[in-house]
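Structure first, commentary second.
The values are calculated or read from the model by the stated rules, or taken from the named source; none is laboratory data. Computed from a prediction, not measured in an experiment: that's the story for all the values here. Counting neighbours? That spans all protein chains shown, and the Cβs are built from the backbone with ideal geometry, glycine included.
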Amino acid sequence: MTAVQAMAAAVVELQGAFPEGKLVLDAEALLPYGKDESDLGCFPPGAVVRVESAEDVRTVFAIASRHRVPVVPMGARSGKSGGSLAIHGGIGVSMERMNRILEIRPGDLTARVQPGVVLGIFQAEVEKQGLFYPPDPNSVDLCAIGGNVAENAGGPRALRYGVTREYVLGLEVVLPTGEILRFGRQTIKGVAGYDLTALFVGSEGTLGIITEVTLKLLPRPRHVATALVCFPDVATAAEAVSRVLAAGVIPRCLELIDDVSVKAIAKGSPFQLPPGAGAALLFETDGNDEEQVFAEMSRVAEMVQGSASGEVIVAQNEAQRRDIWETRKYLSVALGKLAANKLGEDVAVPRSRIPEMVARSREIGKAHGLLVATYGHAGDGNLHCNVLYDGPHERARADAAVGDILRAAVDLGGTITGEHGVGLAKRDFLAYEQGDAVLALERRVKALFDPLGILNPGKMFPES
Ligand SMILES: Cc1cc2nc3c(=O)[nH]c(=O)nc-3n(C[C@H](O)[C@H](O)[C@H](O)COP(=O)(O)OP(=O)(O)OC[C@H]3O[C@@H](n4cnc5c(N)ncnc54)[C@H](O)[C@@H]3O)c2cc1C
C-alpha cells in the first residue's frame, strides 16, 4: 500500500470517529496548519483533528497505527524550528480546543492547565491572584503551554528564573501505543522513580502528546525596574554583560542589541535609542522591596556605565517600559526593514564566551558576504544570530553561514539551540553537538515510546 492509499484509508476511519468541525479535511482550511514561524516552508497535513480530550488523542493514535501514517502534534505553531510541520503528511493533532485553565491553587503555588492554553492568558490569570509564572518567550501572546513544555521554552526572564523545565511538576501524556499516563507530581518536591516529566520537557513532540500540565507558580514580585543603556559598539556591550555576571549580580533580564539591530530599530520602533548608539543592553531587576530593586539596578548601572556611550535610561512609567519591551520583542520583525529575508538562530554559549560568539558570528557573516544581526538573552548566553539575505540567490550562502554559526557555538562549548529546539531546522547538526553514540541512545529512547515511528517523524534526528 502506498503512503497516499494509507492516508486515504486513515481518513475514512477518522470520518467515522470525529464529527465535522473537529476533523479538518478541506485543503484550504488545512493550509494554516502547514506553517509555523520558521521559514522552512508549508507542509499541510492530510487531516487535522482538533482534539478535545486525551481519549481523542488515543483514537487518533489507534487509527494512525493501523495505517502507519504520521501523527504531528500542533500547539499554536509559533515554533521557530519547524517542529509542528507535517513534512511527511499524516494527521495533525491540534491542541487549540484543549485550552482550559483547570485550576489555580494559590495555597499550593501550583496550577493545572490543558496544553492549548495561550501563555499570555495564563500569566494574566495567575497575576490577578498575586501569583507569577516566570517563563516568558517573546511569543507570549501567541504560543501555547503544551508547545512551551515540548520546546522547554525560555525567554528574557530565564536569567533569574530559569526556563519552562523549572516549572513543570507533572504531566498527562498519550503515548503512540495508546497508553494514557500521568507522571511527575503535584508537590514541589518529589523524587520517586525516573524523572519522566523531565524527559518529556523539550522532547519536541517526538515521544508522546501532552494533554495536561501541572505547573509550579511563585508569588508575584511587587516591583520591577527596567533600564536601557547604549554602547559605542557591540563588543563593548558584550563585555559589559560578562562583567555584570562575573560580579555575581543576576538581574531578572539582561538583553543585548547589536549595531545591526540598532539600525533596524531606527527605521521605526516604539522606543527610539539615542542618536549615535552602536549597541544597547536592556536590563530589569525585580523584588518585593522597591528600594532594593532600585539599589540592584544602580549596581548594574555602575558596572556598565564606564564603557557606555551615554546615561542609563530608566523607564519612568509602565508605558515607557512597554515601549522598550515592544521594541525588543519585535526586533525579529524590524530586521525585515534591512533585508527581505533572514535565518534566525538561537545558539547558547557559556557566558564568558559571549563576546567571542558575537565577534565570530559577524566574521562568519562577512566571510559569506552577508550581514548578521545578533541580539537576545545575552545574560544566559543565549544569542539570536540572524543571517540577513535578500532573495533566493543568496539562500545557499545564508544556509552555509548558519551552519558555520552553529558549529562555532559548539566549538565555544555551547549548543546549537538554547530555546527554539532542533526540530527540522537543526536536525543535521545534532550529531555535531552530541556525537553519534548519544544520538543512537536517543533514537532507542524514541523507539521505546514510539515503536512504529509514527510520531512526528523526521524531527530532531537526521533522517536515515
Ligand atoms: C516572535 C517570536 C518570539 C519567540 N520568542 C521565543 C523566546 O523568547 N523563547 C523561546 O523559547 N521561544 C520563542 N519563540 C518560539 C516559540 O514561540 C516557542 O518554541 C513556543 O514554545 C512554541 O509553542 P507553540 O504552542 O507555538 O508550539 P508549536 O510551534 O505548535 O510546536 C512546537 C513543538 O512542540 C510540539 N508540541 C506542541 N504541542 C504539543 C503537545 N501538546 N504535546 C506534544 N508536543 C507538542 C510540536 O509537535 C512541535 O514539535 C518565539 C517565536 C516567535 C514567533
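A few remarks follow.
- Tally of residues being closer than 11 Å to Val229 by Cβ and not hydrophobic (A, V, I, L, M, F, W, C) across the range 307-341: 4
- Helices (runs of 4 or more DSSP H) completely within the range 278-357 that count 1 or more residues being farther than 21 Å from Ala264 by Cα: 290-305, 318-329
- Within the range 245-265, being in contact with a Phe, Trp or Tyr (Cβ under 9 Å, 6 or more places away or on another chain), assigned to a helix (DSSP H, G or I) and within 16 Å of Leu383 (Cβ to Cβ) holds for Val260, Ser261.
- Matching residues in the range 127-164 - criterion: being in contact (Cβ under 8 Å) with a residue 60 or more places away in the chain and among the charged types (D, E, K, R): Glu127, Glu151, Arg157, Arg160
- Within the range 184-207, the set of residues being in contact with a Ser or Thr (Cβ under 7 Å, 6 or more places away or on another chain) and away from the ligand (no atom under 14 Å from the Cβ) comprises Gly184, Gln186.
- For the range 82-117, taking the residues that are within 9 Å of the ligand (Cβ to nearest atom) and either at pLDDT below 95 or of a type in the set (A, V, I, L, M) (or both), the one that is surrounded by the fewest Cβ atoms within 10 Å (Cβ to Cβ) is identified as Met98.
- Scope the range 35-49; condition crowded, with 20+ Cβ neighbours inside 10 Å and either assigned by TED's automatic domain parsing to the domain that holds Thr211 or modelled with pLDDT of 95 or more (or both); matching residues: Asp36, Phe43, Pro44, Pro45, Gly46, Ala47, Val48, Val49
- Members of the range 317-373 that are of a type in the set (Asp, Glu) and free of Cβ contacts under 8 Å to residues at least 40 places away in the same chain: Glu318, Glu363
- Residue within the range 269-285 that is in contact (Cβ under 8 Å) with a residue 12 or more places away in the chain, within 30 Å of Gly130 (Cβ to Cβ) and among the β-branched types (Val, Ile, Thr) present: yes
- Hey, Arg58 under 19 Å from Ile210 (Cβ atoms), over 25 Å from the mean Cα position of the chain (by Cα) and in contact (Cβ under 8 Å) with a residue 12 or more places away in the chain or not: yes
- When Ala86 is tested against (1) out of contact with any Pro (no Cβ under 6 Å at 6 or more places or on another chain); (2) under 27 Å from Ile121 (Cβ atoms); (3) assigned to a loop (DSSP other than H, G, I, E, B), exactly one condition is not met: (1).
- Matching residues in the range 165-210 - criterion: being farther than 16 Å from Val93 by Cβ and aromatic (Phe, Trp, Tyr): Tyr167, Phe183, Tyr194
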